Amino acid sequence: QVQLVESGGGLVQPGGSLRLSCAASGNIFRFTAMGWYRQAPGKQRELVADISTGGITNYADSVKGRFTISRDNAKNTVYLQMNNLKPEDTAVYYCHTARGGYWGQGTQVTVSS
């Protein structure tokens, strides 16, 4: 059984920054790619960024240059550093394991003045 616990969401003004964390239990973390997804009200869940076991990253066009995904295998944790946030980044953010398809409970990010 794998559990993913996200943290770090909140309310931030446009142009601000947040860092999301996702801590994974179990032994799967170092053997799986990890991803961050988001879902805004009335929209489908979409991939924001992912990172392979070897550290290769991939980003949605909408966040390139603003968001950075990273992982710490010693801490079983994946991060999403979000800079220059925009109102359209408002969503619930979820982390996900490529292997096994596990999801966290999500953390709300709201960008508003």
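Data table
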| quantity | calculated |
| --- | --- |
| In segment 1-44, the residues that are of a type in the set (S, T, N, Q) and loosely packed, with under 14 Cβ neighbours inside 10 Å | 1, 3, 7, 13, 17, 25, 27, 44 |
| Count of segment 60-92 residues which are touching a residue at least 40 places away in the same chain (Cβ under 8 Å) and in contact with a Leu (Cβ under 6 Å, 6 or more places away or on another chain) | 2 |
| Output for segment 82-113, where each listed residue is assigned to a strand (DSSP E or B) and within 13 Å of the chain's Cα centre (by Cα) | 82, 91, 92, 93, 94, 95, 96, 97, 103, 107, 108, 109 |
| The lone exception for residue 35 - which of (1) within 12 Å of the chain's Cα centre (by Cα); (2) more than 17 Å from residue 106 (Cβ to Cβ) it fails | (2) |
| So residue 47, is it open to solvent by less than 60 Å² (accessible area, probe 1.4 Å), farther than 21 Å from residue 1 by Cα, modelled with pLDDT of 95 or more and not in a strand (DSSP E or B) | no |
| Subset tally (residues that are in contact with a helix residue (DSSP H, G or I) (Cβ under 8 Å, 6 or more places away or on another chain), modelled with pLDDT of 95 or more and surrounded by 13 or more Cβ atoms within 10 Å (Cβ to Cβ)) for segment 98-113 | 2 |
| Any chance residue 24 is modelled with pLDDT of 95 or more and touching an Asp or Glu at 6+ places or on another chain (Cβ under 9 Å) | no |
| Of the criteria (1) open to solvent by 20 Å² or more (accessible area, probe 1.4 Å); (2) part of a loop (DSSP other than H, G, I, E, B), which one residue 79 fails | (2) |
| Per-region count, segment 50-67, residues in a loop (DSSP other than H, G, I, E, B) and surrounded by 15 or more Cβ atoms within 10 Å (Cβ to Cβ) | 4 |
| Close pairs from segment 37-56: first among the charged types (D, E, K, R), partner surrounded by 14 or more Cβ atoms within 10 Å (Cβ to Cβ), Cβ under 6 Å, at least 6 apart | 38/48; 38/91; 38/93; 45/37; 45/39; 50/33; 50/35; 50/58 |
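The values are calculated or read from the model by the stated rules, or taken from the named source; none is laboratory data. From a predicted model like this one, the values you see are computed outputs, not experimental measurements. We place every Cβ from the backbone using ideal geometry, glycine too, and count neighbours over all the protein chains shown. Accessible surface areas use protein heavy atoms only, side chains included; no ligands, DNA or RNA. Shrake-Rupley method; radii C 1.70, N 1.55, O 1.52, S 1.80 Å.
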